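Asker: One structure follows; several queries about it will come next.
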Amino acid sequence: MLAEIKGLNEECGVFAIWGHEKAAEMTYYGLHALQHRGQEGAGVVTTDGDRLHLHKGTGLVNEVFSEDKFSQLNGHAAIGHVRYATQGGGGYENVQPLVFRSQTTSMALAHNGNLVNAHQLKSQLEAQGSILQTTSDTEVIAHLVKRNGNVPMEEAITYALGMIKGAYAFAILTEKQMFIGLDSRGLRPLSMGRLGDAYVFASETCAFDLIGATYEREVRPGELITIDENGLRSKSFTSQMERTLCSMEYVYFSRPDSDLNQLNVHASRKTMGKQLAQEAPIEADVVTGVPDSSISAAIGFSEESGIPYELGLIKNRYVGRTFIQPSQELREQGVKLKLSAVRGIVEGKRVVMVDDSIVRGTTSRRIVRLLKEAGATEVHVRIASPPIQNPCYYGIDTSTKGELIAANHSVEEMRKLIGADSLTFLSTEGLEASIVEDRDPLQHGVCKACFTGNYPTEIYPDTVIPAYKD
Ligand code: AMP
Ligand code: SF4
């Protein structure tokens, strides 16, 4: 279902550019394209070769940056970040990039993901005298790097990467170098492109399209890229390099116009919808998707089933994002302001309502009610992903087990709770088949741990699960 409706809960976005005379502006535009990945804060750091320049703030990209800010952001290289606070809260001090200044080399760090052993590393660092200024685990990476302050940065970063575990895609900028890295499982997306002679990196390829950059390749799992006056070089910091990219990126998080690991997100969602129509056929009059993220799957369902696709639900684009309803009762009313059922389409009809996922079940319940109030005679809910039964430890706020409706109820119980006439989820096989193609020798399926409970990395008992916010 559309992020805008529900308070825009997604994960962070990273952008970086090296070798462009308007590096700060390009980063600003890149962050605009990644805005859906985080709305709580945005920041850009540039280097002019001698000094790092930072501007960041809480809020949306266009709230944080005004034209006069760019005159201070000099330099040919920049990194940027949009933040969705999965870890450590949303205050100004946690807005990235984080900058660590020192007399030798200063560094700025922008990171997307979640470290599963951050808690242990923080305790160790504090026991050894480090003073952590923020509550975000991004700072842990910086402290580990800085502990080896006397060796070249590339070595210090490699040392730090040897200690951290979990999911991360990061960009580091010093006065004279840029470093780009991805965890050994490639859990978070990170692509590389070119803009003229400049190197560009972004969490999603939609950022390349916006600035006119061309896609070059994915950053490889376990890869550390260094760029400086000698050009670009790449190395693997681990021998374990198997890509298991997060399948929820395809299901819900990424923009439909992005390609993840060279597969278009809209196309993959359409295949999920087709697959779902094969797995759970139903007799009905119209198919409708919940705007925006479910539209692609609904189109796929319609194509495969032959049931016409209709605009049974529309959203009101102009509801402010700060429209936060305090009580559950008011929130139930609030959804009517943001989403409407189209009476002329659904009245007297048997409706297939396709949504991308169910987390707590609140959204589906509200929408089934909306459709029935608008005169739908039957509402068949088809979910284009499997039931989410396990928390995510890799930076996505799919909530704790207690809040996950599918962790605590059977499909039939869920059907009753959301008031649907039938309810079916896509199988995990169907999900994987919609995403995994034989195009990347490093690809070893996708991460499906929130559906299956099979986590692709070790999970530490006290790993902090990001809080789910709605
Ligand atoms: P819920 O009402 O909690 O069941 O939310 C389910 C809806 O939230 C679905 O329509 C998805 O589009 C969307 N969604 C899925 N995962 C997330 C997430 N991690 N954060 C926010 N929204 C999500
Ligand atoms: Fe993505 Fe789920 Fe894996 Fe988390 S557990 S990385 S949300 S697939």
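Asker: So which residues in region 370-403 are among the hydrophobic types (A, V, I, L, M, F, W, C) and over 27 Å from residue 183 (Cα atoms), if there are any at all? I'd like the intermediate steps shown before the answer.
Answerer: Our first condition is that a residue be among the hydrophobic types (A, V, I, L, M, F, W, C); within region 370-403, this holds for 370-371, 374, 376, 379, 381, 383-384, 388, 392, 396.
Within region 370-403, 370, 371, 374, 376, 379, 381, 383, 384 qualify.
Asker: What are the pairs, 6+ residues apart or on separate chains, where a residue within region 342-369 that is within 16 Å of ligand 2 (Cβ to nearest atom) has its Cβ under 9 Å from a residue that is of a type in the set (Phe, Trp, Tyr) and in a helix (DSSP H, G or I)?
Answerer: Cβ pairs passing all conditions: 356/252; 357/252.
Asker: Would you say residue 337 is modelled with pLDDT of 60 or more, open to solvent by 80 Å² or more (accessible area, probe 1.4 Å) and touching a strand residue (DSSP E or B) at 6+ places or on another chain (Cβ under 8 Å)? Steps first, answer last, please.
Answerer: Details: modelled with pLDDT of 60 or more: yes; open to solvent by 80 Å² or more (accessible area, probe 1.4 Å): yes; touching a strand residue (DSSP E or B) at 6+ places or on another chain (Cβ under 8 Å): no.
Answer is no for this residue.
Asker: Filter region 255-266 for residues that are open to solvent by 10 Å² or more (accessible area, probe 1.4 Å), of a type outside the set (Lys, Arg) and in contact (Cβ under 8 Å) with a residue 12 or more places away in the chain; which is farthest from ligand 2 (Cβ to nearest atom)?
Answerer: 257
Asker: Sort out which residues of region 340-374 are away from ligand 1 (no atom under 15 Å from the Cβ), open to solvent by less than 20 Å² (accessible area, probe 1.4 Å) and closer than 19 Å to residue 282 by Cβ, and write them in order of number. Talk me through it step by step, then tell me what you get.
Answerer: Step one: list which residues in region 340-374 are away from ligand 1 (no atom under 15 Å from the Cβ), which gives 340-352, 372-374.
Those left that are additionally open to solvent by less than 20 Å² (accessible area, probe 1.4 Å): 346, 351-352, 374.
Answer for region 340-374, where residues must be away from ligand 1 (no atom under 15 Å from the Cβ), open to solvent by less than 20 Å² (accessible area, probe 1.4 Å) and closer than 19 Å to residue 282 by Cβ: 346, 351, 352.
Asker: Another question, if that's okay. Please go through region 375-397 and pick out each residue that is buried (at least 24 other Cβ atoms within 10 Å of the Cβ) and in contact with a Pro (Cβ under 8 Å, 6 or more places away or on another chain).
Answerer: Once the filter is applied, which keeps residues that are buried (at least 24 other Cβ atoms within 10 Å of the Cβ) and in contact with a Pro (Cβ under 8 Å, 6 or more places away or on another chain), region 375-397 yields 392, 395, 396.
Asker: Right, next: Just a yes or no: is a residue in region 431-441 more than 19 Å from residue 364 (Cβ to Cβ), out of contact with any Phe, Trp or Tyr (no Cβ under 7 Å at 6 or more places or on another chain) and buried (at least 22 other Cβ atoms within 10 Å of the Cβ)? Outline the logic, then answer.
Answerer: Going residue by residue through region 431-441, those that are more than 19 Å from residue 364 (Cβ to Cβ) are 432-441.
Checking which are out of contact with any Phe, Trp or Tyr (no Cβ under 7 Å at 6 or more places or on another chain) leaves us with 432-434, 436-441.
Those still in the list that are buried (at least 22 other Cβ atoms within 10 Å of the Cβ) too: 434.
Yes - at least one qualifying residue is present in region 431-441.
Asker: Can you tell me which residue within region 74-114, out of those that are assigned to a loop (DSSP other than H, G, I, E, B), of a type outside the set (Val, Ile, Thr) and out of contact with any strand residue (DSSP E or B) (no Cβ under 9 Å at 6 or more places or on another chain), is modelled with the highest pLDDT? Lay out the reasoning, then the answer.
Answerer: Our first condition is that a residue be assigned to a loop (DSSP other than H, G, I, E, B); within region 74-114, this holds for 74-76, 84-91, 95-97, 101-106.
Next, only the ones that are of a type outside the set (Val, Ile, Thr) stay: 74-76, 84-85, 87-91, 96-97, 101-103, 106.
From what is left, the residues that are out of contact with any strand residue (DSSP E or B) (no Cβ under 9 Å at 6 or more places or on another chain) are 88-89, 102-103.
Working: 88: 55, 89: 59, 102: 84, 103: 81.
By that ranking, first place goes to 102.
Asker: Name every residue in region 181-204 that is open to solvent by 10 Å² or more (accessible area, probe 1.4 Å) and touching a residue at least 24 places away in the same chain (Cβ under 8 Å), in order of residue number.
Answerer: Of everything in region 181-204, those that are open to solvent by 10 Å² or more (accessible area, probe 1.4 Å) and touching a residue at least 24 places away in the same chain (Cβ under 8 Å) turn out to be 184, 185, 195, 196, 197, 199.
Asker: With (1) within 16 Å of ligand 2 (Cβ to nearest atom); (2) open to solvent by less than 30 Å² (accessible area, probe 1.4 Å); (3) in a loop (DSSP other than H, G, I, E, B); (4) of a type outside the set (S, T, N, Q) as the list, and residue 406 as the residue in question, which single condition is left unmet?
Answerer: (3)
Asker: Is there any pair linking a residue in region 139-156 that is within 19 Å of residue 228 (Cβ to Cβ) and among the charged types (D, E, K, R) to one that is at pLDDT 90 or above and part of a loop (DSSP other than H, G, I, E, B), with Cβ under 9 Å and at least six apart or on different chains, and which?
Answerer: Correct list of pairs: 154/177.
The values are calculated or read from the model by the stated rules, or taken from the named source; none is laboratory data. Remember, predicted model here, so these are calculated numbers, not experimental data. Reconstructed Cβ throughout: ideal geometry from the backbone, glycine too, with neighbour counts over all protein chains shown. Accessible surface areas use protein heavy atoms only, side chains included; no ligands, DNA or RNA. Shrake-Rupley method; radii C 1.70, N 1.55, O 1.52, S 1.80 Å.
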